[in-house]
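The values are calculated or read from the model by the stated rules, or taken from the named source; none is laboratory data. Please read all numbers here as calculations on a predicted model, not as lab measurements. Reconstructed Cβ throughout: ideal geometry from the backbone, glycine too, with neighbour counts over all protein chains shown.
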Amino acid sequence: MRPVVGHRFTLDMGTWGHQACEVLAVEPERLLRYSFAPGSLDTTITWQLHPEGGGTRLLLEHAGFDLDSPLGKAALEGMGRGWPDVLQRIEPALAAATQ
């Protein structure tokens, strides 16, 4: 994946399969937004960094779930269980990268 608007990439989501994505917005060291599963789930994932005190706050938004569709409901439930695990792995990954 490259942080360049228009760049297309694929995420391996395990049991959800390989999902197409496209970078929609980039602000270096501040924001990354990309489409997730266009044509089927049609959601958007946004990562934002904000300075806070002596550190940085990470905000994650996964938006656009169609709760009127069975796929949208199932995806929201699945992602709701999966995102906390992803977020818990960020701090150890950053610590390992700085060693």
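Below is a table of values for the structure above.
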{"read-out": "Scope the range 51-72; condition exposed (fewer than 11 other Cβ atoms within 10 Å of the Cβ), of a type in the set (Gly, Ala, Ser) and in a loop (DSSP other than H, G, I, E, B); matching residues", "value": "Gly53, Gly54"}
{"read-out": "Test: residue in the range 29-50 that is among the polar types (S, T, N, Q), farther than 16 Å from Met1 by Cβ, modelled with pLDDT of 90 or more and part of a strand (DSSP E or B)", "value": "yes"}
{"read-out": "Residue in the range 64-73 that is within 13 Å of the chain's Cα centre (by Cα), within 21 Å of Leu24 (Cα to Cα) and at pLDDT 90 or above present", "value": "yes"}
{"read-out": "Test: residue in the range 85-96 that is assigned to a loop (DSSP other than H, G, I, E, B), without any contact (Cβ under 8 Å) to a residue 60 or more places away in the chain and either more than 26 Å from Arg2 (Cβ to Cβ) or in contact with a His (Cβ under 9 Å, 6 or more places away or on another chain) (or both)", "value": "no"}
{"read-out": "Unmet requirement for Thr15, which otherwise passes all of (1) polar (S, T, N, Q); (2) modelled with pLDDT under 95; (3) closer than 20 Å to Asp85 by Cβ; (4) in a strand (DSSP E or B)", "value": "(4)"}
{"read-out": "Residue ID - nearest to Gln19 (Cα to Cα), chosen from residues in the range 52-84 that are without any contact (Cβ under 8 Å) to a residue 12 or more places away in the chain and acidic (Asp, Glu)", "value": "Glu77"}
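Results for (1) free of Cβ contacts under 8 Å to residues at least 24 places away in the same chain; (2) acidic (Asp, Glu); (3) over 16 Å from Ala74 (Cα atoms), shown as yes or no for each residue.
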position	(1), (2), (3)
Val4	yes, no, yes
Leu11	no, no, yes
Gln19	yes, no, no
Leu32	no, no, yes
Ser35	yes, no, yes
Asp42	no, yes, no
Thr46	yes, no, yes
His50	yes, no, yes
